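Enquirer: Quick one: the structure is below, questions incoming.
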Amino acid sequence: MSEKEKNKHVEEYNPFEHREVVKPNSDLRSLANLIKSSLGSGLLAMPLAFSNAGWGVGIVGTVIVAFICGHCVHIFVETSRGCCRAERKPLLSYSETCGAAFANGPKCVRPFANFAHLFAEFSLCFTYLGVCCIFTVLIATSIKQIFDTYIAAPPMSVELYCLILLAPLCLLTQIRHLKWLAPFSLLANILLFATFAICLYYIFKEPLTISDKEVVGDMSRLPAFLSTVIFAMEGIGVVMPVENTMKKPQHFLGCPSVMVIAMTLVMLFYTILGVFGYLRYGDALQATITLNLPMDDWPAICAKVFISITIFLTYPLHFFVVIDIFTRYVEPRVQKKYHNVMQICTRILIVCVCGGIGMALPFLEQIINFVGALFYSLLGLIIPGIVETVFRWEDLGKFNWILYKNILLIFCGLFALVSGCTVTISDTIQMINNKTE
């Protein structure tokens, strides 16, 4: 078969026509899941990110990062669909797309297809394990602040609250289908928007002062800003499960589309809360802005309760990525009659591991920055750039502009990864030293 005939053969296959999804999601449900995957603890950490960069650099930086992250999601989904046609498969996961791109790329990289697949699986698993650790610590911190103020009892540590949370999280993570998670995601979005509105109420309750706030912050803290924004923006690990379970996946890309609407809303929310939150609280900002709200006013108390419930309901959506990877590798090696028991025990074990890590390192800001710098830079920027380049090696556009564009993307990802991890590790060591003194 000639190359021309091969390309025609590939183009004739339409993966959408061959998808058989048991419980497909509508565009609205898919939009809710996609927004929820990018909104959460990252949104409330944006004011602190702006305090690291300055409000001027923060606005420009957030818009640029949103555009880059959206572009990376777009090229990865396009590549995945191209791989589906080349492999004649109806759908591919994130890691399967990475493997298929190498398998259908230049001959010199085809032997690395299995490694690319396993590396993507490893990165996804550890990324969302990190997210689950962050969520555990965030919920525990919010609950502790409320209980310390209103419960007449000796204050407990964040670590103990993390331990108590394990039981309800173990129950919630027994939900096994994304379709069943969609109502939780919708409720979590409503509560998050309510929290967002309450934060804005306190931000604009009194006149803002801009004269004492920096337009350009300390450039040595720029990596911390990038790490937080990348963590906040990126939901690429959830993108393929959402797109693969859509009733009309052709509505995911384009303009307007599910992806464009989601990323635009996310960028607006982040920019608004980031800049005005920084202008209100300045250098006094904590890891999430809800921790800065007063403890003697009922709307602020509601915000703290809402964000705890929001993150709690969002936990299983991110947990889904981890358990999905584990199930694909372990379930074929377990007798069918034990599958249900394996699922229950595995879900409990993973929740306990995440809780244990949160108890060992209950430093919310540092965990957010580390996961953003190391894993989300890798998953959201570096891997999409490499995968598109490899898959489109024979057609990189006029003057090979796709190659140069992706080299720039990979460089940006590497810069965020190395600089962000360096600053975060340094901050964590300092925090541990201060805690032990």
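Enquirer: What ranking of T310, T327 emerges when the number of other C-beta atoms within 10 Å of each C-beta is taken as an exposure proxy, fewest first? All intermediate terms of the calculation are to be shown ahead of the outcome.
Expert: On the way: T310 31, T327 17.
With the sparsest Cβ surroundings first, the list reads T327, T310.
Enquirer: Using a 10 angstrom cutoff on alpha carbons, build the Gaussian network for the chain and name the most mobile of P155, P332, P15.
Expert: Among P155, P332, P15, the largest mean-square fluctuation in the Gaussian network model of the chain belongs to P332.
Enquirer: Quick check on region 215-365: what are the equivalent-ellipsoid semi-axes from the Cα gyration tensor, as sqrt(5λ), descending, whole Å? Don't jump to the answer; show the numbers that get you there.
Expert: Working: eigenvalues 232, 109, 51 Å².
Working from the Cα gyration tensor, I get semi-axes of 34, 23, 16 Å.
Enquirer: Ok, one more. Once the dipole of the chain is set up with Lys and Arg at +1 and Asp and Glu at -1 on Cβ about the Cα centre, which of H74, N52, M246 lies farthest towards its positive end?
Expert: Checked the options; the winner is M246.
Enquirer: If you don't mind, there's one more thing I want to ask. Give me the net charge for the shell around V77: Cβ to Cβ below 11 angstrom, other residues only, Lys and Arg +1, Asp and Glu -1.
Expert: Working: positive: R81; negative: E78, E243, E388.
Its environment carries a net charge of -2.
Enquirer: Determine the calculated [θ] at 222 nm for the chain from helices alone, applying -39500 (n - 2.57) to every DSSP H run no shorter than 4 residues and normalising by the residue count; nearest 500 deg cm²/dmol.
Expert: Values: 16 runs with 310 residues, N = 437.
After summing the helix terms and dividing by residue count, I get -24500 deg cm²/dmol.
Enquirer: Right, another one. Among D283, D218, what is the fewest-to-most ranking by other Cβ atoms within 10 Å? Before the final figure, lay out the partial values.
Expert: On the way: D283 10, D218 13.
Neighbour counts put them in this order, fewest first: D283, D218.
Enquirer: Please identify, among W180, W298, W55, the residue showing maximal mean-square fluctuation in a Gaussian network model of the chain using a 10 angstrom Cα cutoff.
Expert: Result: W298 has the largest fluctuation of those listed.
Enquirer: Once Lys and Arg get +1 and Asp and Glu get -1 on their Cβ, which of I64, L226, L166 lies farthest toward the positive end of the dipole of region 3-436?
Expert: Selected residue: L166.
Enquirer: List the relative contact order of region 26-129 as a percent without decimals, with contacts defined as Cα pairs under 8 Å and 6+ residues apart.
Expert: 14 percent.
Enquirer: Also, quick follow-up: Would you work out the charge dipole size for region 3-436 about its Cα centre, treating the Cβ of every Lys and Arg as +1 and the Cβ of every Asp and Glu as -1, and quote it to the nearest 20 debye?
Expert: Numbers: 32 positive and 29 negative charges, 246 e Å.
Dipole about the Cα centre, nearest 20: 1180 debye.
Enquirer: Something else about it: Determine the sum of side-chain charges near L160: Lys and Arg each +1, Asp and Glu each -1, restricted to other residues whose C-beta is under 14 angstrom from that of L160.
Expert: Numbers: positive: K144; negative: D148, E159.
Net charge in that neighbourhood comes out at -1.
Enquirer: I would also like to ask the following. Computed over the Cα atoms, what is the radius of gyration of the chain divided by 2.2 N^0.38 Å, N being its residue count? Working shown, then result.
Expert: Numbers: Rg = 21.9 Å, N = 437, 2.2 N^0.38 = 22.2 Å.
Compared with the compact-globule rule of thumb, the chain sits at 0.99.
Enquirer: Which angle between 0 and 90 degrees, to the nearest 10, do you get for helix 94-103 versus the longest principal axis of the chain when only C-alpha atoms count?
Expert: 30
Enquirer: Using only Cα atoms, figure out Rg for region 302-437 and give it as a multiple of 2.2 N^0.38 Å.
Expert: Working: Rg = 20.3 Å, N = 136, 2.2 N^0.38 = 14.2 Å.
Normalised Rg, Cα atoms only: 1.42.
Enquirer: How far is helix 41-53 tilted off the main Cα axis of the chain, in degrees rounded to 10, range 0 to 90?
Expert: Tilt relative to the chain: about 80 degrees.
Enquirer: Highest GNM mean-square fluctuation, the chain, Cα pairs closer than 10 Å: which of N340, N244, N406?
Expert: Checking each option, the largest mean-square fluctuation is seen for N340.
Enquirer: In terms of modelled amide H atoms, which long-range or inter-chain residues lie less than 5 Å from the amide H of N25?
Expert: Under 5 Å from the amide H of N25 lie the amide H atoms of M246, K247, each far enough along the sequence or on another chain.
Enquirer: State, as an integer percentage, the relative contact order of the chain based on alpha-carbon contacts under 8 Å between residues 6 or more apart.
Expert: For the chain, the relative contact order is 33 percent.
Enquirer: Moving to a separate point now. Which Cα, out of L92, A116, I357, lies furthest along the positive dipole direction of region 3-436 (beta carbon charges, K/R +1, D/E -1)?
Expert: Checking the options against the dipole of region 3-436, the answer is L92.
Enquirer: Hey, could you pull the Cα Rg and Dmax for region 132-243, both in Å?
Expert: Taking only Cα atoms of region 132-243, I get Rg and Dmax of 18.6, 51 Å.
Enquirer: Checking the table K89/K398; K89/K247; K179/K405 against a 26 Å threshold on Cα-Cα, which pairs fail? If you can, show how the numbers build up before the last one.
Expert: Details: K89/K398 30 Å; K89/K247 17 Å; K179/K405 37 Å.
Cα-Cα > 26 Å for K89/K398; K179/K405; rest within.
Enquirer: List the trypsin sites (Lys or Arg not before Pro) within region 72-104 that fall in a DSSP loop (any state other than H, G, I, E or B) and whose Cβ has at most 16 other Cβ atoms within 10 Å. Provide the component values of the computation, followed by the final result.
Expert: Values: sites: R81, R85, R88; in loops: R88.
Sites meeting the loop and neighbour criteria: R88.
All of the numbers you see were taken from the coordinates with simple rules; none came from a lab. No experiment lies behind these values; they were computed from the predicted model shown. All Cβ positions, glycine included, derive from the backbone under ideal geometry; neighbour counts span all protein chains shown.
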